[in-house]
Number of protein chains: 2
Amino acid sequence: MHCRGHNNASPISLFFYEQNKDFNKVNTLYFSMVTLKDIESAHDRIRPFIHRTPVMTNQNLNILSGASLYFKCDNFQKAGSFKIRGATNIVEQLSQVELDRGVATTSSGNHGAALSMAVTRRGGKTKVVMPHNTPQMKVNNVERNGGEVVWCDPDQPSRERVLGELVNKTGATVAHPYNDERIVAGQGTAAKELIEDYPDLDVIISPVSGGGLLSGTLLAAKGMKPEIVVYGAEPSEADDAYRSLQKGEIVANETIDTICDGLRAQIGTITFPIIQKYVDSIITVTETEIIEAMKMVWERMKIIAEPSSVITLGALLKSKDRFSGKKVGLILSGGNVDLNQLPW
Amino acid sequence: MHCRGHNNASPISLFFYEQNKDFNKVNTLYFSMVTLKDIESAHDRIRPFIHRTPVMTNQNLNILSGASLYFKCDNFQKAGSFKIRGATNIVEQLSQVELDRGVATTSSGNHGAALSMAVTRRGGKTKVVMPHNTPQMKVNNVERNGGEVVWCDPDQPSRERVLGELVNKTGATVAHPYNDERIVAGQGTAAKELIEDYPDLDVIISPVSGGGLLSGTLLAAKGMKPEIVVYGAEPSEADDAYRSLQKGEIVANETIDTICDGLRAQIGTITFPIIQKYVDSIITVTETEIIEAMKMVWERMKIIAEPSSVITLGALLKSKDRFSGKKVGLILSGGNVDLNQLPW
């Protein structure tokens, strides 16, 4: 577990590092900034098109954990995950010309479905580059929302190569799944709603993959309540964010052999500096701990949350002492699970 | 499908038939009556101990069904099902002497867990007679709530014999899972909450097994809104309520070979007359239709509902025309599923 002590930093304005295609070099300051105000604007923009998802509590899990847990249920969100927040924030800002060229992205599934939903609503076409080992359910979800799937290999270089070829050929507008300020601002609205509903939270735990959700959560949470503690939860088997923080620069995933199909992406050049500046700690969680947490959420809470979501509970349960007696918000980021391939 | 036209009957007061141990003879008027006022009193009595469960909607399922669906989520209820409503209504009315003798019941699982929870809270002991083919999850649920399981064979005579022996030996107070007026009044509080939240419902669909939930639903719904239509949903493979209505008297289940482990009981002598008088129709649902509905609820709504619950959606989807354009309340009665034994 890697700890950082930036509790007192104010995110009122934040300079970004330049978006850089070489993941190992993130050192040029970017002139743009995302603020809490951007998250508020994003919220106003996307509110008509998304659910304000409920926050659930569970007495059993409170007793088991020794903390008071508040689950932000974006597994109930439109298209099945928080991704509709950022995707809608991008799509609603596209010009008609951009939209007419088509919209393209790479996605492990949830962003692709969400983007397709947002683009289809505006009458446009979406192409989604997806790894061929994506759960069938997530493929169906893209297609049901009007998107077209383009296959790639399940690694970062293949994703980018296939997307690049696609864009060169069609001139499509790219809506990146996380490394985009509009995405960061959109994803931050989940934590904003959570804190509006429960202003006395002590801690928030968010999953981390490419970092869109965690960076948005950090900007919203620390902007609204500077003393709040925010943790990222990351699979031990895809721990690039954890190791990048340790090293002080972005390093690549060494494995992505995790059940969390939504957490296999590489931390982004826009999201990493935000995480680096504000996150209190990243907690890595083993596959066994993730599966145990998943079964616990399903059995006790009676809701379907995907592995990439329940990792937040896994992180909490493996570090109970740290959360004892605290009010903890956990972002359940999505509920798109292939019911024919459950891990038990 | 069996239809009856009692829409205009008022349930303000209702004479019951005498409780009779011979299921084939239900013809003596019983002097007691359950009214909407009893349901209101039950609600006041149990309110501190139960959740007011949420009502969920789902755009996908609305489009698919051509109706507006309102799911009353008692799968999120304490102990995982609506059963805590009736059980609490009994237990809170027991004298200390009755409680001290211990409380006993037969149960397919959910009533046993709920009763155990209610009795344990008052400091008493519970013995639950359960068929040996009960899903492990429901056994765990009884034990987790402080109950002790006593095994029987999975048929009505064995249930009653084992319970009878137990009562003779220990003098325990019996809290029947459905054939008790206090149970009927308690279970009616689910429909009461649903109609309070959505007063403009046209229809309610409730599962039917022993009839506690359906009879309570009928008394609450038709008492609050006489013009509302109420259907029961019953497995084709355990269709005693459907056939009893056809015949005009209680007949036994011919098979109980259904995935709905909560719907294998025999319609009761107290519940049947209420159902006979007020229900508009009972819709029987095949195993395939139940499993399809279950997968649909899990995939689209992201919630865990047990087969005995989702049968309400199965009933609706097989008779779409009847519900077209209507506002339909569906009681999702429970969420206790053995995740290691899913039907797909």
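Summary table below
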item: Which numbered condition A:Ile256 misses (of (1) among the aliphatic types (A, V, I, L, M); (2) in a loop (DSSP other than H, G, I, E, B); (3) in contact with a Ser or Thr (Cβ under 9 Å, 6 or more places away or on another chain)); result: (3)
item: Test result for A:Ile282, more than 14 Å from chain B (Cβ to nearest Cβ), touching a strand residue (DSSP E or B) at 6+ places or on another chain (Cβ under 6 Å) and farther than 17 Å from A:Leu69 by Cβ; result: yes
item: Filter result (without any contact (Cβ under 8 Å) to a residue 60 or more places away in the chain and surrounded by fewer than 24 Cβ atoms within 10 Å (Cβ to Cβ)) within the range B:205-227; result: B:Lys225
item: Failed criterion for B:Phe272 (all others in (1) in contact (Cβ under 8 Å) with a residue 24 or more places away in the chain; (2) farther than 23 Å from B:Val310 by Cα hold); result: (2)
item: Any hit, the range B:67-83, residues being more than 14 Å from chain A (Cβ to nearest Cβ) and either over 30 Å from A:Arg144 (Cβ atoms) or modelled with pLDDT under 95 (or both); result: yes
item: Answer residue from the range A:164-176, given it is in contact (Cβ under 8 Å) with a residue 24 or more places away in the chain and surrounded by fewer than 14 Cβ atoms within 10 Å (Cβ to Cβ) and is farthest from A:Gln93 (Cα to Cα) among those; result: A:Thr170
item: Within the range A:255-279, considering residues that are under 27 Å from B:Lys302 (Cβ atoms) and of a type in the set (D, E, K, R), the one farthest from the other protein chains (Cβ to nearest Cβ); result: A:Asp257
item: Among (1) modelled with pLDDT of 95 or more; (2) surrounded by fewer than 22 Cβ atoms within 10 Å (Cβ to Cβ); (3) within 14 Å of chain B (Cβ to nearest Cβ) - the single one A:Asn340 does not satisfy; result: (1)
item: Identity of the residue in the range A:132-142, surrounded by fewer than 17 Cβ atoms within 10 Å (Cβ to Cβ) and either within 14 Å of chain B (Cβ to nearest Cβ) or on the phi > 0 side of the Ramachandran plot (or both), that ends up modelled with the highest pLDDT; result: A:Asn140
item: Check on B:Val103, touching a Ser or Thr at 6+ places or on another chain (Cβ under 7 Å), away from chain A (no Cβ under 14 Å) and among the β-branched types (Val, Ile, Thr); result: yes
item: Verdict on A:Asn145 being over 22 Å from A:Arg47 (Cα atoms), out of contact with any Cys (no Cβ under 6 Å at 6 or more places or on another chain) and not assigned by TED's automatic domain parsing to the domain that holds A:Lys320; result: no
item: Residues of the range B:80-105 satisfying the condition of being crowded, with 24+ Cβ neighbours inside 10 Å and in contact with a strand residue (DSSP E or B) (Cβ under 9 Å, 6 or more places away or on another chain); result: B:Gly80, B:Ser81, B:Phe82, B:Lys83, B:Ala87, B:Ile90, B:Val91, B:Val103, B:Ala104, B:Thr105
item: Selection count where residues are within 12 Å of chain B (Cβ to nearest Cβ) and touching a Lys or Arg at 6+ places or on another chain (Cβ under 8 Å), scope the range A:302-332; result: 4
item: Exclusive hit being in contact (Cβ under 8 Å) with a residue 24 or more places away in the chain and of a type in the set (D, E, K, R), set B:Arg161, B:Arg122; result: B:Arg122
item: Subset of the range A:53-90 (residues that are closer than 15 Å to A:Thr312 by Cα, part of a helix (DSSP H, G or I) and under 13 Å from the mean Cα position of the chain (by Cα)); result: A:Asp74, A:Asn75
item: Subset of the range A:285-301 that is over 12 Å from A:Cys260 (Cα atoms) and not charged (D, E, K, R) - its residue that is farthest from the other protein chains (Cβ to nearest Cβ); result: A:Ala293
item: Condition met for B:Pro157 (surrounded by 16 or more Cβ atoms within 10 Å (Cβ to Cβ) and outside the structural domain of B:Thr258 (by TED's automatic domain parsing)); result: no
item: Residue ranges of strands (runs of 3 or more DSSP E) in the range A:91-209 with at least 2 members more than 18 Å from the chain's Cα centre (by Cα); result: A:103-106, A:126-131, A:147-152
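Yes/no matrix, rows are residues, columns are (1) at pLDDT 95 or above; (2) of a type in the set (Phe, Trp, Tyr); (3) assigned by TED's automatic domain parsing to the domain that holds B:Ser65; (4) closer than 23 Å to A:Asn340 by Cα:
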{"position": "B:Arg243", "(1), (2), (3), (4)": "yes, no, yes, no"}
{"position": "B:Gly262", "(1), (2), (3), (4)": "no, no, yes, no"}
{"position": "B:Thr269", "(1), (2), (3), (4)": "no, no, yes, no"}
{"position": "B:Met296", "(1), (2), (3), (4)": "yes, no, yes, yes"}
{"position": "B:Leu313", "(1), (2), (3), (4)": "yes, no, yes, yes"}
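The values are calculated or read from the model by the stated rules, or taken from the named source; none is laboratory data. Here the structure is a predicted model, which is why all the values come from computation and not from measurement. Ideal geometry is used to build each Cβ from the backbone, glycine not excepted, and the neighbour counts take in all protein chains shown.
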